[in-house]
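These notes are about the structure you will find just below.
The values are calculated or read from the model by the stated rules, or taken from the named source; none is laboratory data. If you're wondering where the values come from, they're calculated on a predicted model, not measured in any experiment. Virtual Cβ from ideal backbone geometry, glycine too; neighbours counted across all protein chains shown. For the accessible areas, the whole protein counts, side chains as well, though only heavy atoms, and no ligand, DNA or RNA atoms are used. Shrake-Rupley method; radii C 1.70, N 1.55, O 1.52, S 1.80 Å.
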Amino acid sequence: GDGEVRQTGGRWEQLLGRYGKNSGDDFSYRVALNWNPNDSFSAYASVAKGYKPAGARGNPDGGFANVSLYKKEKLMNYEVGFNAYFMDRRARLSGAVFYMDWTDMQVEVRQSFCRVGSELIAQEIFEQTNDPLDCEITPVDRTENAEKATSKGIELSGDILLTDQLQFSASLGILDAEFKRYI
């Protein structure tokens, strides 16, 4: 009632006006083809479409204006792989190659703001014309969409039974993940 903002548990207290609403729907699928020419070899190929629902995030630190509304995240995944057995099934080699293509990937972001009275100003903007020591730093978390992202890679693994009690295993994964368009 006295007009002052109070902190609770290290965060600004939750007040009316910090809310958001969003909705969405989607149809997802997975199609796979498996090939087993014999007991020692199998291979597969798959295509899958997935999504993460749209949403809203109201941040107690951010005041009325700090509500992030974000779109649904969409993903297409393409993968081919194999399993091969040798030496009377005492050795195995497996491998896969994949490519994932994201649209509107949901990204968690934390940005520092300066609290000036009841207003929040981005720290980098505030410090262009003000003394940095006058900044009461307030972190603000939000979710936003990265327009385009990809991830591609290779996975290899193998096992060999050296004796009935001793097995050697090794694996290798190479991943190349990248934001293609994200402002």
Top-ranked residue in segment 133-183 [being outside any strand (DSSP E or B) and touching a helix residue (DSSP H, G or I) at 6+ places or on another chain (Cβ under 9 Å); ranked as most open to solvent (accessible area, probe 1.4 Å)]
D134
Which residue is nearest to L161 (Cα to Cα), if the candidates are limited to segment 89-113 and must be in a strand (DSSP E or B) and either among the β-branched types (V, I, T) or over 28 Å from the mean Cα position of the chain (by Cα) (or both)?
A91
Starting from residues that are more than 30 Å from S157 (Cβ to Cβ) and among the aliphatic types (A, V, I, L, M), keep the ones in segment 104-132 and report whichever is most open to solvent (accessible area, probe 1.4 Å).
I125
Identify all residues within segment 132-147 that are more than 19 Å from S68 (Cβ to Cβ) and in contact with a Ser or Thr (Cβ under 8 Å, 6 or more places away or on another chain); write none if there are none.
I137
Among the residues of segment 76-98, write down those that are open to solvent by 40 Å² or more (accessible area, probe 1.4 Å), hydroxyl-bearing (S, T, Y) and in contact (Cβ under 8 Å) with a residue 40 or more places away in the chain.
Y85
When (1) open to solvent by 30 Å² or more (accessible area, probe 1.4 Å); (2) farther than 30 Å from V140 by Cα; (3) modelled with pLDDT of 95 or more are applied to D101, the one that fails is (2)
Would you be able to say whether some residue in segment 106-114 is modelled with pLDDT under 80 and touching a Cys at 6+ places or on another chain (Cβ under 8 Å)?
no
Please count how many residues of segment 111-149 are among the charged types (D, E, K, R), in contact with a Lys or Arg (Cβ under 8 Å, 6 or more places away or on another chain) and within 25 Å of G24 (Cα to Cα).
4
Report yes if some residue within segment 31-48 is under 30 Å from Y78 (Cα atoms), modelled with pLDDT under 80, touching a Lys or Arg at 6+ places or on another chain (Cβ under 9 Å) and outside any loop (DSSP other than H, G, I, E, B); otherwise report no.
no
